[in-house]
Every structure is written in C-alpha cells, then in structure tokens.
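The values are calculated or read from the model by the stated rules, or taken from the named source; none is laboratory data. Keep in mind that what you see is a predicted model, and the values were worked out from it rather than measured. Positions of Cβ are generated from backbone atoms using ideal geometry, with glycine treated the same way; all protein chains shown enter the neighbour counts. The accessibility values were calculated without ligands, DNA or RNA, using every heavy atom of the protein model including side chains. Shrake-Rupley method; radii C 1.70, N 1.55, O 1.52, S 1.80 Å.
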Amino acid sequence: MKCTRRSFLKFAGASAVCLTLGQMGFNLEAARAYAGSLKIEGAKEVTTICPFCAVCCQVIAYVRDGKLVATEGDPDFPVNEGALCAKGAALFTMYTSQHRLLKPMYRAPYSDKWEEKDWDWTLNQIARRVKEARDRDIILQNAAGKTVNRFESIFMMGTSHASNEECAVIHQAMRGLGVVYMDHQART
Amino acid sequence: MTNHWIDIKNADAVLIMGSNAAEHHPVCFKWIMKAKDNGAVIMHVDPKFSRTSARSDFHVPLRSGTDIAFLGGMINYIFETESYFKEYLLNYTNASFLVGKGYSFNDGLFSGYNPETRSYDRSVWAFETSADGAPVRDMTLSHERCVFNLLKKHYARYTLKNVSDTTGVSEENLLKVYKVFCATGKPDKAGTILYALGWTQHTVGAQNIRASALIQLLLGNIGVAGGGINALRGEPNVQGSTDHALLYDNLPGYIALPRAKWQTLADFNKDNTPVTALKNSVNWWSNRPKYFASLLKGWFGDEATPENDFCYGLLPKGEDGEDYSYMQIMDKVYHGQMKGGFIFGVNPMNSFPNTNKMRLALDNLDWMVCAELHNSETTDNWRRPGVDPKTRKTEVFLLPSAHRVEKAGTISNSGRWLLWFDKAVEPGGEARSFADIFVPLINRLRDMYRNEGGTLPEPLLKMNWPETFDAEEWARRINGFFWADTQVGDKLYKRGQLVPAFGNLQADGTTSSLNWLYTGSYTEEDGNKSKRRDPSQTPMQAAIGLYPNWSWCWPVNRRILYNRASVDLKGKPYNPQKAVIEWDGVKWVGDVPDGPWPPQADTKNGKLAFIMTKDGYAQLYGPGLKDGPLPEHYEPAETPVAKHPFSRQNSSPVFKFFTSDMDKIAEAADERFPIVLTTYSMTEHWCGGGETRNVPNLLETEPQLYIELSHELAKEKGIRNGDGVIIESIRGRVEAIAMVTVRIRPFTVMGRTIHLVGMPFAYGWTTPDCGDSTNRLTVTACDPNTSIPELKACCVNITRADKLTEIA
Amino acid sequence: MPKAFLIDTTRCTACRGCQVACKEWHDLPANSTKQRGSHQNPPDLNPRNLKIVRFHEHLDARGNVVWNFFPDQCRHCLTPICKDVADMAVPGAIVREPETGIVLFTEKTAELSPEDVRAVTDACPYNIPRYNEETRHLVKCDMCVDRVSAGLPPVCVKTCPTGAMVFGEREEVLETARKRLEQVRQQYPKAYLADAEDVSVVYLLAEGKEYYYEYASFM
C-alpha cells in the first residue's frame, strides 16, 4: 500500500467528522478502546528537515497548540519518500530531551559551577571580550609593511549545523572583525 | 556530489569505497537498492564488513590507508584491458595534452621536491604550451609525454601483485571489482563512486579522490546519469557551510581568502582570474571578479564603490601560504597564542584527533563562547575527569541554541539541492538560532565602536548589517540585488530588486550577492525557489529521476554537473535510455546544460565540455595539488608497514604534522603498536555523539564504546566477546568493550599478518559510564592540501582489561 | 479486509529506523542498556521495545561473511494461540479483530494470573509477549492500530528506507511476497517465506532460521 500524505489527509478529513472504529471494521469494544485517537489528527503540519547527514530527509513536524506532538518522514519528498533512519526517527524525543540547554550559562574563571545569566548580560560580556582582544591584538600591518587587518588572537570554529543564511551571517561577521582563524567540521 | 541521491538508481555499477553508506547515510540506500533492483552490481570496499557490505553484492576488505594502491591497480587494469572510453578521453579530458619536460617521477618523489621545506615547486609540473599559451596536444596519444602515456606508465607499477601485497586484498578480489567497474567504460554504461570521510581523512585524502576522478574520467563516467564522483556529505549543512565558506582558505563561493601579497582588488583579480588561449573554452572562473565585487557589495552596500575597491582593503589578509585551519587553531591554542574563541555546534574535545592535546590546549583560553543544544565534552572541558576546575582559568559563555524545528532557513543537501525548512515551534526556553546570536552581538560591537572608538572600526561600521535576523531576508541577500536600475533583455530591474541569475552579476558595483552560486535561487519572478514542491517532470527527466521543479539546486538548477560530457560532439546522448541532456538542433533539452552554447562540434559557437577548467578539459593530470599531479600510494603517517613495493618513500613526503610534546607519531612498524586502528561514526549516533547521547532512545540502541576486532586477534590476545579492552597508541589510552566479530578479518600484507580494529568516536565522558573519546588515540597528521587529519588510520595495541574505569 | 506485512530481510539494512520509530510513536521510554559485544540492543523484546532488529553473523560455506538482520515483532497469527490460551482465563484479554486480523493485547491482560501470563507467553511460537511489571499488562506490537484505523501504514513500515517492509491488503502483500521470493531465490536459493499461511507478518528469509534467530519461523 502506498499511502502518501495527501491520501491520508483526505482520509483524516473525513475521519474528523465521522470516524469510528466500527466504520473502520473494528467491532469489538476492546479494540476500540485500545486504538484510542490518532495523536497527529488535526495537528498542523510544518515541513522541516532532519538535522543529521546530508541526505537531508524532509520531515513533517506535527504541531498542536504551539507544541510539537510528533515528527515523521515527508512521503512527498522525492528523496526520502517518508523514510527515516534511527536518528531521524528519534527527532521528536531529541526535541523533548530533558538534557536540553534552555538558558545562557556562565562559568567564571576558576569556578566549579555553571550560573544562569540573561542574554543581555551575556552578549554584552562577549562583545566586551571581543573588543578588548581586537583593539589590543589586531595586526594592521605585517612585518613586511603590508596592510593585513588581521585579528589573530580569536577564532571561530563551526558549524555545519548552521543554515545557509546563518553561515552567511557568521562569515560576514567574522571577516568584518578581521578573523582569519575560521574553520568547521567539513574536515572531520 | 556531481550527481544527486536519486540518480544513484541509474548506475550499472556502484562502488562504495571510503564510505559506509547504509550506516551513515541510511536513507540513501533506498536508491542503491533501486540500482540493485535494476541490475546494478553493488560493491563495498572497506576495512570492515558493515551493514553496507551486508546488502552489497560483495564486500572486499581493504587495509585502511591503501586506497590509492587499490585504485591505482584499477587504473592499470583499465589501460591493460583498454577499457577506457577513448572518444571521451580525446574530446573531454586532457589525455592528449603534453606535459612539460620539467615533470618527472622517481622512486616516490615527483620533480620539484624540496626536502628542507617538505614541499614541491609545482611550477615544474606545468603543461607544454605553444607561443600563445595554448596547451600542446597529441591527438594520436603516442607522444611519450602526453598525459595518456604518463598515466599509463605511472600506473603500470600498480600490478595485481604489488597492489595485493600492499592492500591485503587478494588478487582474485581485486579482479572481481576491477572487472565489474571497468565494464562501465562503454558509452551506454555508467558506474558511480560513493565516498565519504573514509577517503578524505587520510594524509593522502585529496589524492584518494583524485584517483577516483581519474578512473571516472577514463571510463567516461562523469556527467552521465548514474555516474559521477559522489561525496556523501556528512553534516547537514556541510555542503552549504562549505559553499558559504566557514573555512579558513575561502570566501563564500569558492573565492580565495585574500592574502597579504594581494594588496588591492586588482592584485587579487590578477592572480585569481584564469586566462585561456582557447577560444572555445568557457573558462568560467574568468567571471570571478564579478562574483567577488558582488560579494563585497553585499557585505558593504553603498559604502562599497569602484573608487574604494569595494572596501577590499578592509578585509583581513592572510600571510602567503599560511594555514589557518582548525588543526592550526588548536595548535596555537595549545601554545597559548589565542585569547578566546567561538565554538558553535561542534565538539572538538571529542571529534578532533589526539583529544588529550585538544583538552589540555583548551585550558589555555581566557574565554570561550559555545552555542549548543546540550552540554558537551567541549563546553564542560574545565570539569573533565581528573581535573580540578579551581585550577582552570577559562571563562565560558554557554548559549542555548535552537533545534532544527525551532528555526527557519535553507540547507543544501549532498546533491546541492537548496531546501527550505519552516519553523514549527518557538525555541525551547531561551534558546536562539546561531544567527539570532551573531546579529545582535555584532550590533553591540558596532555600538561600542561607534560610541567608544577603537582600532580599525571601519570594517564593522561600514558593514551592510541588519538590526535583527530574518532568514528570508538573508536568503535574498545571498541571491543578490541590483544596486542600480538595470536593463536585462526587455526587462528593467530597479535598484533593490533581485538579480535573476549569476550571469547578471557585474564587477562594477551595480550588483550584490553573498554567494554567486546561489544567485537565481530567489527571484522577482519565482520567489523563494527553495520552497518549490512541484514533482512535475518531462518523460526524459522522469526516466532518470530528475525533479527540476522540486526546490532548486546550484548552479542554475543543474542537477548533474558536467552534463555536456554525457553527449557526443554533436550533442547526442551516449546513453539514449538515460539521457541527461540532448541537443535538438536548436536548444538543449533535459537537465539544465553546462551553459547554453551549442555542442562542441559547432566550430563557431560550440564550447568545450568542462567549463570550470581553464582550458575546457577535465584534468586527468592535474598540476594543482600540493602532493603531486598524479595520485601515488604512500603509507599513512603511522603504519605497521616499514616498506611498500611502490617506492622507498614510505609515507607522504609532504603531509602536515605538528611538533609539540603532545604530537607524537610512532615510527613505521613500531613493534609496540602493531595493530591498525580505524575510526568511524555510527548509524545511531551523530559524529562525536554530543546530541544523540542525550536522546535516550538512541543511547539505548548503542549505549557504550566498543572495539570491533577479529576472532583471530581476540584469540591471540585472550579477549572474549564483551570483555573490557584497553587500547593504547603512542598518544593515549582508551577503554572499550570488545565486539569480537567475523566482520573484521586479519590482512595478509607482504606475507605478514596485520590486524585491524575499528572503533566509533561517538562516546564522551559527559554521558556517564559510556566511555570516553576514542580520538585520544588518533594522530595529528594531515593532508597537505586540505589539512584534514588522518582519523582513519593510526597504530595501536590492545590488551584485555580486568577492570574498567570509564565504562560501567 | 485482512492486513498483512511483508518483511523482506534481504532488503533490510538494520538502520533501526523501525525500532526507534516504534518507540517514538508509542511514547515508550528508553531502557538503560549495556554494550555486551553486539549491535543488538536492547538485547531482546521488552515492555519498552515492541520491535527490535536482531543481528546474526556467520561465515558461509565459501568463507564469505553473512550478516542477517531480523526486525522482530508480533506475527499477528491468523489463529492466535495466545488468544486461545488467554480466552480460557480472561475472555477479552487478547482479541483478534476479524476484519483486519490485528491481534491486540488489551488492558484486561492485567487480570491474567501469573500462571496464565506464563501460559500465554509459553504458547507463543515466536516468543513475543512480554509482561510489563509496572502496568501488569502483557504487551506486544499492536500493528499501530490507531494509524491503520486512520488509513496510515504502521509507523515501522512508513519509516523503512529500503522497502524491506510492505504493508497492505493480505492478498496483495502475499502476491508481492511470492514475486519477491522468486527474485530473491536467484541470489539465495534457500530463501523462503516464513509461515506465510498462518501469520499476518510474513518474513522473507534468505536461509534457515538458525542463521537469523531461533524463533524466526515456526515451520
């Protein structure tokens, strides 16, 4: 059976009005109780892409009331045709993982713990560190007297997890600062 | 990839080498199985029998680090059996070019070698040219210095015996692969090569890939459906992030990093704009000045003018020849020469080689900014096992980053398709996208420079920079705008409107684009093409699984690169059943061709097929790489072999290495470390595991670090399946659980038994009791062209452990 | 209409998309597992894993490595013995929906005594039922009854990249299975369909069950 998302939508549209398990051929009370309701029924579908490996399987995120309820391969995408591997199949619990970082954290020099901070403080502190280093270290001319405008004492590492638009932002930001030590995991 | 995922189904032979596609790109196996259903032979050449091998027609075990020997043997086989596609060689490759008298090869060294600097003077490898600079050709292929004969001579040394002795592959198995794959040298047959980090992560990585290019060109497999050299790119978005050059040596769109020797834009353009003497060579990179000017215009907007070199002078300039790659970064950090750094979405304390050095190095930073989904071995390096945090100075700002479903934008898949993803839900907690971190950060810096002054504020203050980040707006910036009203054909584009195609980009400041390759992806006429979801196709396109209206791909929506080489000189497809393009007498039909010009046979308007090379021909002989114009077998930097049959030059004469006290490399055939270790990712975890170890459903499937080893080695060492094992290299010590398997078998190399073991590198100490970084064992030796470290081969020894401390 | 699965093990790459998708769809929590010298993890079916991929490796007669993968799950027997046994103790604990052929363990399994649970478990020719200590239910694959009811394929089938799993109307699936078998036999002469006449989940095995898993087939 080739069940595309479109054929399912047609089905689900009908089911929203009248689906009972009896009509689906389920006569037994027990089976009806067991089947329950479909958790993605009526949820909004948003197209996203699996964040692992460059097959870039397209994924449908099912969202209800602003909350993610499930993720599944997009059957219409010609490359993965709805399929996913173990990692792609785990996208939903990756999102709900209790290990997620949710606030900016700060570790002071020689401290043995993380502290929660707000974004405003954090971005100001980082900007301050960058400016101090840049004003002090940027090399305007090299030993041969050539203009080089090179900020060598900081680096940017990452990331291929960034979208194309984010890559464009990061690249422009770094060259604007004068950073040459920039690289990412295309090499690992 | 020269081709794309679906196109694999068109192949008659699939050679998977340097890749474990079923485990690391599992869903692409859909298309490999389709090829198999259509009658293709699937071959897996890899040190370990894996899930890829299980579904292949056959698996051939190869000692890690001997790929060039294996492929060189195939090149020799092609010449011996005359399996090459001669018409293709003559018309589309530089087989007929004469190489200058300066080129020679002697006992493992090419001419121009300087042992002091461990480098080559590449100028001596140049082609012979006539007075006007055009290459001298011998269409009879009889001149001893023509590329065809140089190749033939070079690879005649790659006899079955030499190759078998080196690789540990039996002669029977060599022939099995050679025969099947070389049968695709016929005009209407296609073979594809699928590779990944198994080829790049070697001291001869770039040459591994060049060797495959030689084979594919000799067999006429480039440009055709079911052919190509297909890098199965890893991270999503490693294709896009490479195009946009989060890399030290490039600016976006494969434009070189400016260097000190190029003080002005004119200096830069002079050295970076190739010139051809051949009138029918497109020489596409002659357009580079247009792309660079448009990039500068995108970065600096109205501040960029022809009079001020479009602010070129403000850009940082690297020192000539200096390497700013991540291996150099970490070495500088180790030596205390860096103050701070940004480490975003990457876990170097687990995934870089020689992590003992990396972890010590990071302690030397004054400050570090990380953005991650989870704490990692990198973010928490200051509290790693055995370290008292109170003795570590590094100040760490750890920023919560948004999950894929929490942001919008595009990524580029391995087949260069530009794919849009929508934001499904708001970021968890206070998480932000990377762009929502950098845009306000730069704005704060701009405010500080504006208000307080400082050194060289101009690059920041003159930047064309937004107040807030919007993915759609940046997709448009990448595509590019007109900065002056411009007439294109019968259409007038106003200043601020989107440029329709990269053919319209100019060097005079009237256009901008943050990456010329992506120009045409977002147009006034068709909007954001990465969102297209139209599966329609012509019957010709349907026959090869081409979806020209689904999303968009660079360049100009061309789905198969170099497709002008899939047809004969008159534009007729070599394989009419699987035609990519065809000249109908007036225009090309099928895929978007490599340029609109008529076929090569048209002496007036026709153009040569390989438009990206200066002279229009694919380069069998290529004087551009730092380690030679032809791939040559060298042992890995660390090897159990003291001498191989190809030359006295045991390892690459030009591989890069480091000299700190932590950068040890064992001598060849060091008896203390007789076993080859190869490392890999796995299906259930992602690379260093920083994300997937925090997904309990994935950790359940692969919970702890293991080492795969043969029954023979296990018996020799008294190790049973499931035992604890200690693995040691000259650099470090790691604990793992033994997985004793028939899937790894000893190699016979020059009559001697050599054992190989394999380990994943997905485990790290921040996940309790799962084991710690495998990369404490691996070697900091790198490819001279790419600075990619040799993570796929080093030397170790193993012993059974009675008690483990890292795994419980 | 009776439904059926074909699980063609000669197409399976053991990516374990099905194993994980099953957990995710059913909101089953993870187990704490150990590496014991095998990729097969968790080592066996359990209340939190209603589907697992089993791995088996050996050398064939010519010394070639063979690695077989077996995505193990309830076969949804046409005449489920588990149901017959359970019916003797607690009618309705195990039901078979005659229209689709889905065999379901219901909440009433909690009423089964420990002896009954053992009897049901021992009766299964495929070693499928597992007892959940927390809920005191017997559990196994439910063929994604909620999805199938809504016209969707079971999540494992949906997730499979290589077409190793096919789901649909029984007669069509069996027809596909027979055609596949014919093709597969060119490469694997000993290939067969496991218990095709008796079950709704039909495995295409390339060789004897001893090279997969002792309960891979009954006959």
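Working only within segment B:419-428, note down all residues that are β-branched (Val, Ile, Thr) and buried (at least 22 other Cβ atoms within 10 Å of the Cβ).
Applying the first criterion (β-branched (Val, Ile, Thr)) to segment B:419-428 yields B:425.
Answer for segment B:419-428, where residues must be β-branched (Val, Ile, Thr) and buried (at least 22 other Cβ atoms within 10 Å of the Cβ): there is none.
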- Conditions (1) open to solvent by 10 Å² or more (accessible area, probe 1.4 Å); (2) hydrophobic (A, V, I, L, M, F, W, C); (3) farther than 26 Å from B:Asp783 by Cβ -> B:Leu315 fails only (1)
- Here the residues within segment B:24-34 that are more than 7 Å from every other protein chain (Cβ to nearest Cβ) and surrounded by fewer than 24 Cβ atoms within 10 Å (Cβ to Cβ) are B:Lys34
- Somewhere in segment C:86-103, is a residue in a strand (DSSP E or B), touching a Phe, Trp or Tyr at 6+ places or on another chain (Cβ under 6 Å) and without any contact (Cβ under 8 Å) to a residue 60 or more places away in the chain? yes
- Could you list, in sequence order, all residues of segment B:706-729 that are among the aliphatic types (A, V, I, L, M), crowded, with 20+ Cβ neighbours inside 10 Å and either in contact with a Pro (Cβ under 7 Å, 6 or more places away or on another chain) or away from chain C (no Cβ under 11 Å) (or both)? B:Leu713, B:Ile727
- Task: Name every residue in segment A:62-84 that is facing chain B (nearest Cβ under 8 Å) and touching a residue at least 24 places away in the same chain (Cβ under 8 Å), in order of residue number.
- Result: A:Leu68, A:Thr71, A:Asp76, A:Val79, A:Asn80, A:Ala83, A:Leu84
- Message: If I filter segment B:71-86 for residues that are open to solvent by less than 30 Å² (accessible area, probe 1.4 Å), touching a helix residue (DSSP H, G or I) at 6+ places or on another chain (Cβ under 9 Å), closer than 22 Å to B:Ser281 by Cβ and in contact (Cβ under 8 Å) with a residue 40 or more places away in the chain, do I get at least one hit?
- Response: yes
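When you scan segment B:693-705, how many residues do you find that are touching a residue at least 60 places away in the same chain (Cβ under 8 Å) and within 11 Å of chain C (Cβ to nearest Cβ)?
The total comes to 5.
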- Task: State yes or no: is B:Val224 among the hydrophobic types (A, V, I, L, M, F, W, C), under 25 Å from B:Asn504 (Cβ atoms) and assigned to a loop (DSSP other than H, G, I, E, B)?
- Result: no
- If we only count strands (runs of 3 or more DSSP E) wholly inside segment A:121-188, which ones have 1 or more residues that are surrounded by 23 or more Cβ atoms within 10 Å (Cβ to Cβ)? A:147-150, A:154-157
- Query: If you check B:Thr511 against the conditions, is it under 25 Å from B:Arg477 (Cα atoms) and buried (at least 24 other Cβ atoms within 10 Å of the Cβ)?
  - Reply: yes
- Does segment B:354-374 include one or more residues that are polar (S, T, N, Q), out of contact with any strand residue (DSSP E or B) (no Cβ under 6 Å at 6 or more places or on another chain) and open to solvent by less than 10 Å² (accessible area, probe 1.4 Å)? yes
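Please work out if A:Phe151 is touching a residue at least 24 places away in the same chain (Cβ under 8 Å) and within 30 Å of C:Gly17 (Cα to Cα).
On the way: touching a residue at least 24 places away in the same chain (Cβ under 8 Å): yes; within 30 Å of C:Gly17 (Cα to Cα): no.
Spelling it out, it is not the case that A:Phe151 is touching a residue at least 24 places away in the same chain (Cβ under 8 Å) and within 30 Å of C:Gly17 (Cα to Cα).
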- Query: What are the residues in segment B:767-782 that are surrounded by 24 or more Cβ atoms within 10 Å (Cβ to Cβ) and β-branched (Val, Ile, Thr), if any?
  - Reply: B:Thr774, B:Thr778, B:Val779, B:Thr780
- Item | Residues satisfying the stated conditions in segment B:334-350, i.e. open to solvent by 10 Å² or more (accessible area, probe 1.4 Å), touching a residue at least 12 places away in the same chain (Cβ under 8 Å) and out of contact with any strand residue (DSSP E or B) (no Cβ under 9 Å at 6 or more places or on another chain) | B:Tyr334, B:His335, B:Gly336
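Yes/no per residue for (1) more than 29 Å from the chain's Cα centre (by Cα); (2) farther than 30 Å from B:Thr538 by Cα; (3) assigned to a loop (DSSP other than H, G, I, E, B):
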| site | (1), (2), (3) |
| --- | --- |
| B:Arg564 | no, no, no |
| B:Pro599 | yes, no, yes |
| B:Asn605 | yes, no, yes |
| B:Ile611 | no, no, yes |
| B:Asp615 | no, yes, yes |
| B:Glu632 | no, yes, yes |
- Quick check: is even one residue across segment B:244-265 part of a helix (DSSP H, G or I) and either modelled with pLDDT under 95 or open to solvent by 10 Å² or more (accessible area, probe 1.4 Å) (or both)? yes
- Note on the structure: Within segment B:584-604, the residues that are closer than 23 Å to B:Ser281 by Cβ and open to solvent by 40 Å² or more (accessible area, probe 1.4 Å) are B:Lys587, B:Val592, B:Pro596, B:Trp597, B:Ala601, B:Asp602, B:Thr603, B:Lys604
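Out of B:Phe673, B:Phe646, which single residue is buried (at least 20 other Cβ atoms within 10 Å of the Cβ) and over 19 Å from B:Leu791 (Cα atoms)?
Values: B:Phe673 fails: over 19 Å from B:Leu791 (Cα atoms).
Checking each option against the conditions leaves just B:Phe646.
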- For segment B:452-474, pairs from a residue that is polar (S, T, N, Q) to a residue that is assigned to a loop (DSSP other than H, G, I, E, B), with Cβ under 8 Å and 6 or more apart or across chains, are B:Thr455/A:Ile138
- Take the residues of segment B:157-197 that are open to solvent by 20 Å² or more (accessible area, probe 1.4 Å) and within 14 Å of the chain's Cα centre (by Cα): which is nearest to B:Ala69 (Cα to Cα)? B:Tyr195
- Item | Selection from segment B:429-465 of residues that are more than 18 Å from B:Ala402 (Cβ to Cβ), assigned to a loop (DSSP other than H, G, I, E, B) and open to solvent by less than 50 Å² (accessible area, probe 1.4 Å) | B:Gly453, B:Gly454, B:Thr455, B:Leu456, B:Pro457, B:Met463, B:Asn464, B:Trp465
- Query: Which one of these does C:Ala86 not meet: (1) out of contact with any Ser or Thr (no Cβ under 8 Å at 6 or more places or on another chain); (2) aliphatic (A, V, I, L, M); (3) more than 10 Å from chain A (Cβ to nearest Cβ)?
  - Reply: (1)
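Among the listed residues C:Val173, C:Val120, identify the single one that is open to solvent by less than 40 Å² (accessible area, probe 1.4 Å), within 9 Å of another protein chain (Cβ to nearest Cβ), more than 24 Å from A:Glu41 (Cβ to Cβ) and in a helix (DSSP H, G or I).
It is C:Val173.
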- Note on the structure: Among (1) over 17 Å from C:Gly17 (Cβ atoms); (2) in a loop (DSSP other than H, G, I, E, B), A:Tyr62 falls short only on (2)
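Would segment B:467-478 turn up any residue that is more than 30 Å from A:Trp119 (Cβ to Cβ), open to solvent by less than 50 Å² (accessible area, probe 1.4 Å) and either modelled with pLDDT of 95 or more or in a loop (DSSP other than H, G, I, E, B) (or both)?
Taking segment B:467-478 as the starting set, the residues that turn out to be more than 30 Å from A:Trp119 (Cβ to Cβ) are none.
Within segment B:467-478 (the criterion being more than 30 Å from A:Trp119 (Cβ to Cβ), open to solvent by less than 50 Å² (accessible area, probe 1.4 Å) and either modelled with pLDDT of 95 or more or in a loop (DSSP other than H, G, I, E, B) (or both)), the answer is no, since none of the residues qualifies.
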- Item | Residues within segment B:783-808 that are buried (at least 22 other Cβ atoms within 10 Å of the Cβ), within 29 Å of B:His374 (Cβ to Cβ) and within 14 Å of chain A (Cβ to nearest Cβ), tallied | 5
